[in-house]
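Shown next, in structure tokens, is the structure this report addresses.
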Amino acid sequence: MKRLLPAWLWLMPFALVFVAFQMAPLGWIAVSAFQVEGSWGLGHFQEIATSPFFRQAIWRSLEISLVSSLLGLIIAVLACHSLTRTSGPLRRWMIAFTNMTSNFAGVPLAFAFIILMGANGVLTLALQRVGLIDDFSLYSRTGLIVIYTWFQIPLGMLLLFPAFAGLRADWRDAASLLGAGRVAYWCHIGLPVLRPALAGTFTILIANAMGAYATVYALVNTSYNLMTIRIANLVSGDLFLQPNLASALALILVGLLAMVTLIQQWLLRRSHHVAER
Amino acid sequence: MTTLTAAPYARDHLPTLDRCDTVAEVATRQQGTTATASPDYLRLESLAKRFGETQVFSQIDAEIAKGEFVTLLGPSGCGKSTLLRAIAGLNTLDEGRIMVGGEEITSLPPQQRGVGMVFQHYALFPNMRVTDNVAFGLRMQKVPQEERGRRVDEVLRLVELREHADKFPHQLSGGQCQRVALARALVVEPRILLMDEPLSALDARIRRHLRQQLRDIQKTLGLTTLFVTHDQEEALMMSDRIFLMHDGRILQQGDAEALYTRPRSHQAAGFMGHYNVLSGEQAHALLGTVSRAARVALRPEAIYLQPVSEASPGGEVPTHAGPGCRGVIRRRQLLGNIVRYAVECAGIELSVDALNRGSRHLLAEESEVLVFVDLDEVQELEE
Amino acid sequence: MSQNADLTLSRPKAPALPTLRLPRPSIHALVVGGVFTLLALPLVATLGYALATSWGATLLPDGLTLKWFLELWSTPRFQLAFARSMLVTLGALVLSLVLVVPVAFLAHTRYPRLDAWMNGLVLVPFAVPPVVSSVGLLQLYAGGPLPLVGSPWILIFTYVTIALPFVYRAVANSLRTIDVRSLMDAAQLLGATPFRAFFLVILPNIRIGVQVAVFLSFSFLVGEFVFANMLVGTRFETLQVYLNNMRGASGHFTSALVITLFLFTLLLTWLGNRQSGHAIAKDANA
């Protein structure tokens, strides 16, 4: 039994591609962010920190992400809770539908929302006629929050549903026999058991929103000031390409995502250990 | 003392046994204590429950004395768990009422019934330590902190888990989990303790140990207990009284001895022990007697085998046994202290249990034997 | 209810529990229905627009037609974009299978610690937003020894990395369920070389897991826009870029395009789920 090649050689093609197209670009960003006109320095970060324009982009990215993640999470929680209480066929069907809508993202989503809620959108007109809204604009902060929330809901539901399905009916029964009503059950058992899943899902939703680019780009091109829009514009805009500044901003984005994850891990470690059953 | 509903009942399949070892042994070992206090502390009056088209159970009547340990025994799907959950208030009832100590609790929410429950899969709250799990009921009752601590400590001592007080459920073994669940149910001093197959998820050794411990604690506290199981050995060993359930009805009730030795229907006979159930003609062919009953039941240990070569009936065969009938041993199974023979005799295949008294006494497969039946142990069945 | 909770002892047989139940939709069905409506609205509106002859300032379209779909499907630019998307996506998937399957196989036979490593590595493409990666990619491959920017190659290679989480996880999970080591040992005891054992025994057994991964990452990659637009753009116009460039066109036309894309991904997801359904059924039987 002879070997054609040493086994580890079979790992090399993969390693090569992964390093070249995933790790090297990240490395390049990490290096170039600190390169100011040929020498090391924090100039780009200073520029970002002092520019109201960039600070606005960071602030708006954080704002839209937090708000849409929170709204998406709340709606997903309600939906998942109700789903556990509905009949099997309806539940399976709804999960399949949610899966389907979670694939509907990016440019097509933006176009669909233009048709639904654009200046002449079906829903805009309908709501205006009923008098519920008067000057809604899809291209504003509110509009972006609506569309972000929309794409957070299916993702949140898919991530949370297994946790909700894991809440055992036994626990509720045992709690009720020990004197706990519905509120006491949720405060002492339901929510504490779900906490890791909720925290994890919230983190993923925030990361998802912070990194989102295609939808906003298709919707407002570069006219709404967000981090991803700024980064892309600095490397592929029409004039004044500043790749090193883009790297610095990209590094800040990655840093923010890492921070969110760390906070979540820290909270998780502080919370009670939950059995995986 | 008890309203019994063993309605005549026609279905031909016999429920399968979950366990089939040393039943005779258990029956002789079981304790027959009966409580004497108020005979109807827990009263169930014609309870009935449907899920859509299916009748889960109906005509359930029972009176259970204070401090009594009563087991609902039956194959899975016979409605015993649903009945237990209905008593706990976790399911609604379609008909009937439930009284505890003279007070009707039929439509009280579970929180107000004063009923404790132990579940098959423990149902411990995974986010709480053992102490917090046990203290939960007291917390809901707003029992002050110090008293809570004292009572939790007491009950943990009772179930021998004090050293695990600070652990989380996932750090405990199944047996320990179930003891925590028991402590959690006991600490609030429930009027009735309900147990839904509490030992089924445990392995055999732990199960036997915990069985004894459960029974001891129940006796110490004088706790009125309703225990659900499909394991007849468990039921025989633990209960003051057993209700045998089948297809949503109570087939028969009585203490372990009565239920084991005197089944009244073929379902009961099929579920208890390893009964041979014979039709009238088969009984006639085998025993030579004419029975009024359509069927009779024969316990496998009430049948005696003797090699044809031996001249006279051995010392083991009771004097009031029948004349003896020629048979052939078809199969032999060694079940430890018991040898189970399948004997073909008068065209009937009988299951016969004999004590395993060493290889010299074992009868060979395909050998001819004389079959004697202890006529006192022939049980006539109602249908 | 309170009547039954009465504690009197002497009352004769209490009436049976009230059995009257009104068939009213539960709050939970309403919540699920509400979320469904919310999620379905953009899709339904777009579908309506794609099928409408015209839809002005009214609530309902004027008439229904398939002409937008027919017009779209017969547009050469759409057909080309479709072909390019297929080319890039298929290329990336084939390449990623060729690269990942040996790694997953070795991680489950020879280097057990590699699996832990890989499980960490596959998170990187998940965690890093495409915009960030493309900053680096644009600088590294715009010129120099590997001027790939603007060509489909850079897309194929990048897609290999972002499909990695799906592909590796699927392959690794399939390998875990079949106990690779025993199978390899058995095959080799029967006289097969490791190479032949891998192709004749292992590959057929992980086929379903691999198919699921392929269908799921296929729909994911067809929907990819950021890399396609930033790294290649109009120089190799894929479906998503084409859609974005059609923003000036008639809303009915773009709606037909959106619906076409959605149905296409739906078909792929459905195929993937059907496969995984088979896989589950197979596991259950095993």
Flag if residue B:77 is closer than 23 Å to residue B:238 by Cβ, open to solvent by 30 Å² or more (accessible area, probe 1.4 Å) and either part of a strand (DSSP E or B) or more than 12 Å from chain C (Cβ to nearest Cβ) (or both):
yes
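Each row is one residue, and each column tells you yes or no for (1) within 12 Å of another protein chain (Cβ to nearest Cβ); (2) under 24 Å from residue A:85 (Cβ atoms); (3) modelled with pLDDT of 90 or more.
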| position | (1), (2), (3) |
| --- | --- |
| A:119 | yes, no, no |
| A:136 | no, no, no |
| A:167 | yes, yes, yes |
| A:175 | yes, yes, yes |
| A:178 | yes, yes, yes |
| A:190 | yes, yes, yes |
| A:201 | no, yes, yes |
| A:213 | yes, no, yes |
| A:221 | yes, no, no |
Only one of these is away from chain A (no Cβ under 12 Å) and free of Cβ contacts under 8 Å to residues at least 12 places away in the same chain: C:151, C:174, C:182. Name it.
C:182
Condition check for residue A:185: open to solvent by less than 10 Å² (accessible area, probe 1.4 Å) and more than 10 Å from chain C (Cβ to nearest Cβ)
yes
Give C:135, C:103 a once-over and let me know the one that is under 19 Å from residue A:8 (Cβ atoms), modelled with pLDDT of 90 or more, part of a helix (DSSP H, G or I) and over 21 Å from the mean Cα position of the chain (by Cα).
C:103
Just to be sure before I move on: is residue A:131 on the phi > 0 side of the Ramachandran plot and either out of contact with any helix residue (DSSP H, G or I) (no Cβ under 9 Å at 6 or more places or on another chain) or open to solvent by 50 Å² or more (accessible area, probe 1.4 Å) (or both) in the structure I sent?
yes
All conditions in (1) open to solvent by less than 50 Å² (accessible area, probe 1.4 Å); (2) within 19 Å of residue A:241 (Cβ to Cβ); (3) within 11 Å of chain C (Cβ to nearest Cβ) are true of residue A:44 except (3)
When you scan the stretch A:20-43, how many residues do you find that are modelled with pLDDT under 90 and in a helix (DSSP H, G or I)?
1
Residue among A:207, A:180, A:246, A:250 that is outside any helix (DSSP H, G or I) and crowded, with 20+ Cβ neighbours inside 10 Å
A:180
Going by the structure shown, is residue B:125 more than 25 Å from the chain's Cα centre (by Cα) and in contact (Cβ under 8 Å) with a residue 40 or more places away in the chain?
yes
Does residue A:89 count as in a helix (DSSP H, G or I) and either open to solvent by less than 20 Å² (accessible area, probe 1.4 Å) or at the interface with chain C (Cβ under 7 Å from one of its Cβ atoms) (or both)?
no
Any residue that is farther than 22 Å from residue B:84 by Cβ, under 31 Å from the mean Cα position of the chain (by Cα) and assigned to a helix (DSSP H, G or I) - is there at least one of those in the stretch B:106-121?
no
Only one of B:101, B:149 is free of Cβ contacts under 8 Å to residues at least 24 places away in the same chain, open to solvent by less than 60 Å² (accessible area, probe 1.4 Å) and either closer than 26 Å to residue B:266 by Cα or away from chain A (no Cβ under 14 Å) (or both); which?
B:149
Looking at (1) at pLDDT 85 or above; (2) surrounded by fewer than 19 Cβ atoms within 10 Å (Cβ to Cβ); (3) over 21 Å from residue B:279 (Cα atoms), which is the one condition that is false for residue B:339?
(2)
Of the conditions (1) within 12 Å of chain C (Cβ to nearest Cβ); (2) small (Gly, Ala, Ser); (3) more than 22 Å from residue C:136 (Cβ to Cβ); (4) under 27 Å from the mean Cα position of the chain (by Cα), the single one that residue A:7 does not satisfy is (4)
Out of C:149, C:124, which single residue is among the aliphatic types (A, V, I, L, M), farther than 30 Å from residue C:195 by Cα and surrounded by 20 or more Cβ atoms within 10 Å (Cβ to Cβ)?
C:149
Just one of (1) open to solvent by 40 Å² or more (accessible area, probe 1.4 Å); (2) among the aliphatic types (A, V, I, L, M); (3) within 11 Å of chain A (Cβ to nearest Cβ) trips up residue B:187, so point out which.
(1)
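The values are calculated or read from the model by the stated rules, or taken from the named source; none is laboratory data. Quick caveat: nothing in here was measured; it's all calculated off a predicted structure. Note that each Cβ is placed from the backbone with ideal geometry, even for glycine, and that neighbours are counted across all protein chains shown. In case anyone asks, the SASA skips ligands and DNA or RNA and just uses the protein heavy atoms, side chains included. Shrake-Rupley method; radii C 1.70, N 1.55, O 1.52, S 1.80 Å.
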